[in-house]
Amino acid sequence: MLLADKTVIITGASRGIGRAAARECARQGARVVIGHSGSGQGTEAAYSLIEEIKAFGGQAVEVGGDAADPDTGDKLVAGAVKAFGSVDVFVNNAGICPFHSFLDMPREVYLKTVNTNLNGAYFAVQAAANQMKNQGRGGAIIAVSSISALVGGGMQTHYTPTKAGLHSLMQSCAIALGPYGIRCNSVLPGTIATDINKEDLADEEKLAYMTSRTPLGRLGEPDDIAGPIVFLASDMARYVTGASLLVDGGLYVNLQ
Ligand SMILES: NC(=O)C1=CN([C@@H]2O[C@H](COP(=O)(O)OP(=O)(O)OC[C@H]3O[C@@H](n4cnc5c(N)ncnc54)[C@H](O)[C@@H]3O)[C@@H](O)[C@H]2O)C=CC1
Ligand SMILES: C[C@H](O)[C@@H]1OC(=O)[C@H](O)[C@@H]1O
């Protein structure tokens with residue numbers, strides 16, 4: 001098992017990519033902390049994931065908290081230490097993408113997106129890194145960035161900068177935390193069918209267009225991202241830091 005004896009925190013783990021990653025980390029032997037929004041639905045989904053994980057003999061606990069709140073990272077770390085005694089891997093996954101045009105972008109939509117996707121993440125990464133530094137045996141931090149760190153989106157002008165920011169944060173943290181043996185990398189998913197884009201992809205034309213642009217001929221599924229996250233979390237990636245792993249079915253390179 002690739003993650004035996006490691007404690008992994010994953011934010012936004014109640015559904016979508018985070019849920020698939022949490023399940024796969026647990027399958028690979030990790031003790032998992034399921035970060036979720038703390039809302040009724042998030043809590044319910046987190047408990048159902050704990051049951052799923054326990055059913056195959058894995059270990060998991062849940063911690064609720066708004067990803068936009070700078071204190072949530074400390075809460076997640078405290079929950080991990082209380083339940084399992086350590087933090088070895090931190091996966092920053094929680095995020096939102098409320099599609100909206102640029103010229104009339106409401107300030108609150110912009111600020112909520114940046115606070116949820118980037119500002120909260122900064123302090124959560126800092127909290128996890130301090131815990132790892134104090135433990136003295138290194139660790140791995142993974143940001144779920146996006147193909148959108150590299151390319152634009154006319155209805156995503158508030159979102160793409162947050163994904164570029166996470167990618168950049170991992171590059172800088174790789175330098176800042178390398179001396180402590182803490183590796184920092186990002187995963188850049190292409191278009192993965194989840195709740196975040198359910199409404200956008202309900203438009204059949206858009207769905208067909210996005211699928212046709214993907215050389216592998218289909219949109220991604222959350223499980224397509226779980227393996228790359230496990231790899232970067234594991235000792236198989238022990239010399240990988242400051243890297244970004246594009247997981248997009250070939251979407252990015254498909255110019256013509
Ligand atoms: N689905 C896609 O095509 C892609 C998704 N991503 C990124 O993957 C990450 C996961 O998204 P998906 O699984 O696709 O969508 P999703 O909507 O299924 O999952 C998002 C998760 O983040 C959590 N979350 C949202 N706001 C939160 C808050 N304020 N506090 C705590 N938790 C909060 C949700 O509860 C949920 O668990 C996001 O960061 C997204 O930007 C990146 C590239 C492509
Ligand atoms: C929400 C989008 O459909 C999805 O998220 C991203 O980061 C990419 O832009 C994907 O298309």
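The values are calculated or read from the model by the stated rules, or taken from the named source; none is laboratory data. These figures come from a predicted structure and were not determined experimentally. Reconstructed Cβ throughout: ideal geometry from the backbone, glycine too, with neighbour counts over all protein chains shown.
Some observations on this one:
- Annotation note: Cβ proximity below 8 Å between a residue of segment 184-203 that is more than 13 Å from Arg15 (Cβ to Cβ) and among the aliphatic types (A, V, I, L, M) and a residue that is in a strand (DSSP E or B) and within 7 Å of ligand 1 (Cβ to nearest atom) (sequence gap 6+ or interchain) occurs for Val187/Val144.
- Restricting attention to segment 238-256 and to residues that are of a type outside the set (Val, Ile, Thr), touching a helix residue (DSSP H, G or I) at 6+ places or on another chain (Cβ under 7 Å) and in a loop (DSSP other than H, G, I, E, B), the residue that is nearest to Gly178 (Cα to Cα) turns out to be Gly242.
- When residues of segment 161-195 are limited to those that are closer than 21 Å to Pro106 by Cα and surrounded by 20 or more Cβ atoms within 10 Å (Cβ to Cβ), the one nearest to ligand 2 (Cβ to nearest atom): Lys163
- Breaking point among (1) within 25 Å of Thr191 (Cα to Cα); (2) in a helix (DSSP H, G or I); (3) more than 15 Å from the chain's Cα centre (by Cα); (4) at pLDDT 95 or above, for Ser101: (2)
- Some residue of segment 12-20 being over 23 Å from Gly136 (Cα atoms) and surrounded by fewer than 16 Cβ atoms within 10 Å (Cβ to Cβ): no
- Condition met for Ala60 (under 29 Å from Lys133 (Cβ atoms), within 16 Å of ligand 2 (Cβ to nearest atom) and of a type outside the set (Asp, Glu)): no
- Apart from one condition, Val81 fits all of (1) surrounded by fewer than 21 Cβ atoms within 10 Å (Cβ to Cβ); (2) β-branched (Val, Ile, Thr); (3) within 16 Å of ligand 2 (Cβ to nearest atom); the exception is (3).
- Subset of segment 135-161 [in a helix (DSSP H, G or I) and within 17 Å of Cys184 (Cβ to Cβ)]: Gln135, Ala149
- Residue match in segment 77-92 (condition: touching a residue at least 24 places away in the same chain (Cβ under 8 Å), of a type outside the set (A, V, I, L, M, F, W, C), part of a loop (DSSP other than H, G, I, E, B) and within 16 Å of ligand 1 (Cβ to nearest atom)): no
- Any hit, segment 224-241, residues being within 16 Å of ligand 2 (Cβ to nearest atom), in contact with a strand residue (DSSP E or B) (Cβ under 7 Å, 6 or more places away or on another chain) and among the hydroxyl-bearing types (Ser, Thr, Tyr): no
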